[in-house]
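These notes are about the structure you will find just below.
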Amino acid sequence: MDLLIKNGTIITADSTIEADLAVKGGKILAIGKDLVPEKGTEVVDAKGKLVLPGAIDAHTHLAMPFGGTISSDDYYTGTRSAACGGTTTVFDFVLQGKGETMLDAIKRRDALAAPDAAVDYSFHVGVCDVTTQELLDSMEDAVKFGIPSFKVFMVYDFGVDDGSFYQVLQKAAKIGALVGVHAEN
C-alpha cells in the first residue's frame, strides 16, 4: 500500500463505518479495522474526520467561449478549485464547431484540458451541426470513444432547430446515448 488512512469514519455508497482505508496506486486496496502499514507507507490519522469518496461536478463551463467572451475559470484554475473542495471529477462542455465531427470536437477539447487538469474530467458534447449524415453519425463515434452525453441548445447562435433536435434524439435512442436540452423555443 502507498497510503493508509487510519481511524476515520468512512462513507461509502451504502454504509458509514469506523475503519482504516488502504490505498495503492491511487485505488482503494482495503477497508478494515486495525490495518497495518507496510514499510514506506504514508499514514494519515483521520480520527474524528469523515473519509468521503470524491465528488463529481457534472456541469462545468471551463474555458468556454460564449457570447464574445470566455468563462473565467480555465482547466488550470477550475480543476484546482474543484480539488480543493473535494471534487475529483468534472464533466465539462465541448461545443461542436460547424462542420466538425463530434469526435474531432472531443479531441480538440481534450488537447486543451489534458495539460492543465488537476482532477479527472469528461465531456458532454454541445451539438451544433448535424446537417450531414456523417456529422450525425459522429455521435456514435463519440459514444464508442467513451463520451455518451450530448446537449442540444435551441437558442443562441449555436443552437439547432426542431428537425435537428429530433434527429439527435432518434440517433441517441439507437446508440444508447443521453441527451439534455436547452428548450427555449
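The values are calculated or read from the model by the stated rules, or taken from the named source; none is laboratory data. Bear in mind that the values here come from a model prediction, so they are computed numbers and not experimental data. When we count neighbours, we look across all protein chains shown, and the Cβ atoms used for this are built from the backbone with ideal geometry, even at glycine. Heads up: the accessible areas ignore ligands, DNA and RNA and are worked out on the full protein's heavy atoms, side chains in. Shrake-Rupley method; radii C 1.70, N 1.55, O 1.52, S 1.80 Å.
Pairs of lysines 8 or more apart, or on different chains, with alpha carbons under 14 Å: count those in the chain, would you?
9
For the chain, modelled as a GNM with alpha-carbon contacts under 10 angstrom, which of Asp116, Asp57, Asp20 fluctuates the most?
Of Asp116, Asp57, Asp20, the most mobile in the Gaussian network model is Asp20.
Could you give the length gained on full extension between Cys84 and Ala111, defined as 0.36 nm per residue of separation minus the Cα-Cα distance, in nm?
On the way: separation 27, 0.36 × 27 = 9.72 nm, distance 2.35 nm.
Contour length minus Cα-Cα distance gives 7.4 nm.
Give the dimensionless ratio obtained when the Cα radius of gyration of the range 88-185 is divided by 2.2 N^0.38 Å.
Numbers: Rg = 12.9 Å, N = 98, 2.2 N^0.38 = 12.6 Å.
Here the answer is 1.03, to two decimals.
With all protein chains present, how much of the accessible area of the range 73-185 (probe radius 1.4 Å) comes from carbon and sulfur, to the nearest whole percent? Write down the numbers at each step before the final one.
Details: 2910 of 5580 Å².
Within the range 73-185, the accessible surface is 52 percent carbon and sulfur.
Using only the alpha-carbon atoms, how far is helix 162-175 inclined from the longest principal axis of the chain? Give it as 0 to 90 degrees, nearest 10.
50
Chymotrypsin sites (Phe, Trp or Tyr not before Pro), restricted to the range 132-171: which are DSSP loop and have at most 14 other Cβ atoms within 10 Å? Don't skip to the answer; put the middle values down first.
Numbers: sites: Phe145, Phe150, Phe153, Tyr156, Phe158, Phe165, Tyr166; in loops: Tyr156, Phe158.
Of the chymotrypsin sites (Phe, Trp or Tyr not before Pro), the ones in loops of the range 132-171 whose Cβ has at most 14 other Cβ atoms within 10 Å are Tyr156.
Between [x] 113; [y] 121; [z] 151, which entry matches volume of the Cα convex hull per residue in Å³ as derived from the coordinates of this structure?
[z]
When only DSSP loop residues count, what chymotrypsin sites (Phe, Trp or Tyr not before Pro) in the range 27-105 have their Cβ near at most 13 other Cβ atoms within 10 Å?
Values: sites: Phe66, Tyr75, Tyr76, Phe91, Phe93; in loops: none.
Answer by residue number: there is no such site.
The range 1-68: which GluC sites (Glu not before Pro) are DSSP loop and have at most 11 other beta-carbon atoms within 10 angstrom? Show your work: numbers first, answer last.
Values: sites: Glu18, Glu38, Glu42; in loops: Glu38.
Passing sites in the range 1-68 are Glu38.
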